[in-house]
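To start, the structure under review is shown below, and the notes come after it.
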Amino acid sequence: MSSISTNNRRIAKNTLLLYVRMLFLMLVNLYTSRVILRILGVDDYGIYNAVGGIVLMLSFLNSALSNGSSRFITYELGKKDSSCLNIIFCTILNAHLLLAIIVVLIAETVGLWFVTNKLGLAADRLNAALLAYHFSVLTSVATITQVPYTATIIAHERMQIYAYASIFEVVLKLLILYLLPILGHDRLETYAVLLFIVQIIIISIYRVYSIRKFSETKYKFIFNKKKFQEITSFSSWSLLGNAAHALTGQGTNILLQMFFGPKLVAARAISLQVNMAANQFVNNFKLAADPQIVKYYAAGDVGTSKRLTLNTAKFSFFLMLFLCLPIYVVADPLLKLWLVIGLLLNPR
């Protein structure tokens, strides 16, 4: 019973830490999205979201595989089998490296042809859009190969490094806003390059921390076919959902760009900022509870695992309700206050 109380306190502590992180991130992200819209202009902001959406849509397999990665690393950690844990980690990392290669091949062939010929970009912005697209591909590769390290940090419930790195990331993104007008180069191109640099810095922090703190993250060329089949089998349950999410989210941006132009893409991207901010509150609560749910199940305590799952779902529902209902009621004045009236019409 004392073990359950300790774990509950740990969940509460991690949840509080993640909520402080999320509050800071939400305020900064809402501010930066407003300012970047003004600095880039509506058209360039829409173009960046459209070309980046193609890369994100190609990476939907990564989202499905990430769920399986996190679950299996946490499960082996709960079983306290260190030898098997390293095999799982290396197998997952090799799978993500393979996925990154596949994404690059598709993105730089079919995806590149689609951006050049079908996306309906203005001729004078095509070169800038292509450079932003290439750096979006590189950013996606870095993110895909980072998944096993992030999953390990979360499995060990080291939420403090996760929170601090996220805060450092948004501070760097805030710094980008002040550099864009100073550097004087094409702002869309500069924005894509600087975002890639920020992503590499954050990923390096996660990897160095993981390698120094967790012995199972020492890479060896191991590919356990049986474990890989188990991970892909587990991940297949969320594959359809992630594919649908990618098509409705990023696919809609692509269609809007093709038929209506970048202004409508920019407007939708702004609306999704609010949606994402609301969802992150619930995701933070789940992020703190998920490792304990899996560890209880791995240890054979199915009853506690079920209770924690049900309580997490219940609290997540009320958190979403309390947050989204006020946003829904005051959506119009909230957007006017956030973006300033007329910003979309006169962005510069």
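If I compute solvent accessible area with a 1.4 Å probe over the protein chains, what percent of it on region 104-187 is carbon and sulfur? List each step's numbers first, then the result.
Values: 2600 of 3850 Å².
Here carbon and sulfur together make up 68 percent of the probe-accessible area.
Quote to one decimal, in nm, the extra length available between I167 and K306 on full extension: 0.36 nm per residue of separation minus the C-alpha distance between them.
Details: separation 139, 0.36 × 139 = 50.04 nm, distance 3.26 nm.
Using 0.36 nm per residue and subtracting the Cα-Cα distance, I get 46.8 nm.
For region 191-275, which whole-number percentage of the solvent-accessible area (1.4 Å probe, protein heavy atoms only) is attributable to carbon and sulfur atoms? Don't jump to the answer; show the numbers that get you there.
Numbers: 3360 of 4950 Å².
For region 191-275, the apolar C and S fraction of the accessible surface comes to 68 percent.
Once the piece of chain linking L174 and I102 is laid out straight, how much longer is it, given 0.36 nm per residue of separation minus the C-alpha distance between them?
On the way: separation 72, 0.36 × 72 = 25.92 nm, distance 3.23 nm.
Roughly 22.7 nm would be gained on extension.
Where only protein heavy atoms count, and the probe is 1.4 Å, what is the accessible area per residue for region 30-163 in Å²? All intermediate terms of the calculation are to be shown ahead of the outcome.
Details: 4840 Å² over 134 residues.
I get 36 Å² per residue for region 30-163.
Please list S233, S210 in order of solvent-accessible area, largest first, computed with a 1.4 Å probe with all protein chains present.
Working: S233 65, S210 0 Å².
From most accessible down to least: S233, S210.
For a Förster distance of 30 Å, can you work out the FRET efficiency between the beta-carbons of F315 and R268, rounded to the nearest 0.05? Working shown, then result.
On the way: r = 30 Å, r/R0 = 1.00.
That pair, F315 with R268, gives E of 0.50.
Take peptides 148-159, 217-228 and line them up by average Cβ neighbours within 10 Å, highest first, as a rough protection proxy.
Working: 148-159: 21.9, 217-228: 13.1.
Per-residue Cβ counts within 10 Å, averaged per peptide and sorted highest first, yield 148-159, 217-228.
Hey, rough spin-label estimate for D124 and L334, points 7 angstrom out along Cα→Cβ, what's it come to in nanometres?
Computed distance between label sites D124 and L334 equals 3.7 nm.
Suppose each label sits 7 Å from its Cα in the direction of the beta carbon; what would the S233-L255 distance come out to in nanometres?
Result for the modelled spin labels: 3.6 nm.
What is the log10 of I(q)/I(0) for region 153-277, computed with the Debye formula using one identical point scatterer on each Cα and no solvent, at q = 0.15, 0.17 Å⁻¹?
Debye intensities relative to I(0), on a log10 scale: -1.13, -1.24.
Can you order the peptides 252-259, 300-307 by their average number of other Cβ atoms within 10 Å per residue, highest first? List each step's numbers first, then the result.
On the way: 252-259: 18.4, 300-307: 13.8.
Per-residue mean Cβ counts within 10 Å order the peptides as 252-259, 300-307.
The values are calculated or read from the model by the stated rules, or taken from the named source; none is laboratory data. Computed from a predicted structure; not experimentally measured. Methodologically, a virtual Cβ is constructed for each residue, glycine included, from the backbone with ideal geometry; neighbour enumeration extends over all protein chains shown. Quick note on the areas: whole protein, heavy atoms, side chains included, nothing else; ligands and nucleic acids left out. Shrake-Rupley method; radii C 1.70, N 1.55, O 1.52, S 1.80 Å.
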